[in-house]
1. What's the FRET efficiency of Ser87 with Asp1 using the Cβ-Cβ distance as r and R₀ = 25 Å, to the nearest 0.05?
2. Could you pull out every residue, at least 5 positions away or on a different chain, whose amide H is within less than 5 Å of the one on Met68? Hs are placed 1.01 Å off N in the peptide plane, and Pro or chain starts have none.
3. Taking 18 Å as the cut-off for C-alpha to C-alpha distance, list the pairs among Lys49/Lys96; Lys49/Lys74; Lys49/Lys86; Lys22/Lys54 that go past it.
4. As an exercise, use a Förster radius of 22 Å and the Cβ-Cβ distance of Asn71 and Trp32 to find the FRET efficiency, rounded to the nearest 0.05.
5. Let me check something: with ligands and nucleic acids excluded, how do Trp104, Trp17 order by accessible area (1.4 Å probe), largest to smallest?
6. Karplus couplings for segment 10-18 from phi (6.51 cos²θ - 1.76 cosθ + 1.60, θ = phi - 60°), rounded to Hz, Gly and Pro as x?
7. Assigning unit charges at the beta carbon (Lys, Arg +1; Asp, Glu -1) and nothing else, what dipole magnitude in debye, to the nearest 20, does segment 1-60 show about its Cα centre?
8. Could you order Met88, Met53, Met100 by accessible surface area, starting with the largest, using a probe radius of 1.4 Å?
Amino acid sequence: DAIVTINGNEYVKVEGWCLIGKVNDTHAATEWTRPVLNDSGDVIAYEAKINLMKDGAVVGSAISECGMDENVAKGRQDRSGHNAAKSMAQTRATSKAFRMSFAWVAVLGTSPHQRRKWPPSHRASSSSERHSRHRHQPAPA
């Protein structure tokens, strides 16, 4: 499923955002990941910058981070904790970049929750019903 519910709110997972991007011939590419250091020089987080690419051009980007004290890396002082934090920073930045560019697509989703927000003329239960309803209308004179 491309949607996850957190604290009663629905969110599009990164896989859903990547699918929306793919339909729009856009993909995510990592520009960089880097450690965030405290005053003592210890790694306390990782941040990542993701670019959205279309036809070889950057069409969007985002930066996000993941702290070493977060669940994904917490208690893992070995390399796996650092890799997990780097990966989560990339995942968050990917979701953020796609959301900033394509949130309008997600709003057009077909979940019952979203359909309630549509005007009555667009509330058909499927896109095929919407298309067939419009197909049978007479052309303007």
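The values are calculated or read from the model by the stated rules, or taken from the named source; none is laboratory data. Predicted model, so just to flag it, every value in this text is computed and none were measured. Please note: Cβ atoms are built from the backbone with ideal geometry, for glycine as well, and neighbour counts cover all protein chains shown. We work out accessible area using only protein heavy atoms, side chains counted, and drop any ligands, DNA or RNA first. Shrake-Rupley method; radii C 1.70, N 1.55, O 1.52, S 1.80 Å.
1. My answer for the efficiency is 0.75.
2. HN-HN under 5 Å from Met68: Ala45, Tyr46.
3. Those over the limit are Lys49/Lys74.
4. 0.35
5. These residues rank, largest area first, as Trp104, Trp17.
6. 8, 10, 7, 6, 4, 4, x, 5, 5
7. In debye, rounded to 20, segment 1-60 gives about 140.
8. Highest to lowest solvent-accessible surface, that is Met100, Met88, Met53.
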